[in-house]
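To start, the structure under review is shown below, and the notes come after it.
The values are calculated or read from the model by the stated rules, or taken from the named source; none is laboratory data. On a predicted model such as this, the values are computed, not experimentally measured, just so you know. Note that we place each Cβ from the backbone using ideal geometry, even for glycine, and neighbour counts take in every protein chain shown.
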Amino acid sequence: MEILRPKFEREAKVGARIVSHDYPIPGWRPIRVKQIHGSEIHVHKVYLYIVGISNERRICSYPTRSLLTNE
């Protein structure tokens with residue numbers, strides 16, 4: 001995900017949602033993390049990020065509540 005982070009920051013529009021399976025985006029804060037039990041051994045983690053909120057390099061003027069209503 002370290003390789004993809006600059007691409008997300010460069011190309012994704014503010015407000016875009018990015019979902020990652022098992023790998024967090026370094027330096028970004030997820031809006032939500034959900035654990036899904038795939039088997040007795042493995043637990044999957046799904047991360048939700050919103051560009052402009054999760055990454056500190058971009059400033060978002062969108063209210064957080066309106067972006068999270070369609071979960």
Unique residue being at pLDDT 90 or above and either among the small types (Gly, Ala, Ser) or touching an Asp or Glu at 6+ places or on another chain (Cβ under 8 Å) (or both) when the list is LYS45, LYS34, LYS7: LYS45
Note down all Cβ pairs under 6 Å where the first residue falls in the stretch 1-18 and is farther than 11 Å from ASN55 by Cβ and hydroxyl-bearing (Ser, Thr, Tyr), the second is outside any loop (DSSP other than H, G, I, E, B) and modelled with pLDDT under 90, and they're at least six residues apart or on different chains. none
Mind checking which residues of the stretch 14-47 are outside any loop (DSSP other than H, G, I, E, B) and in contact with a helix residue (DSSP H, G or I) (Cβ under 7 Å, 6 or more places away or on another chain)? ILE18
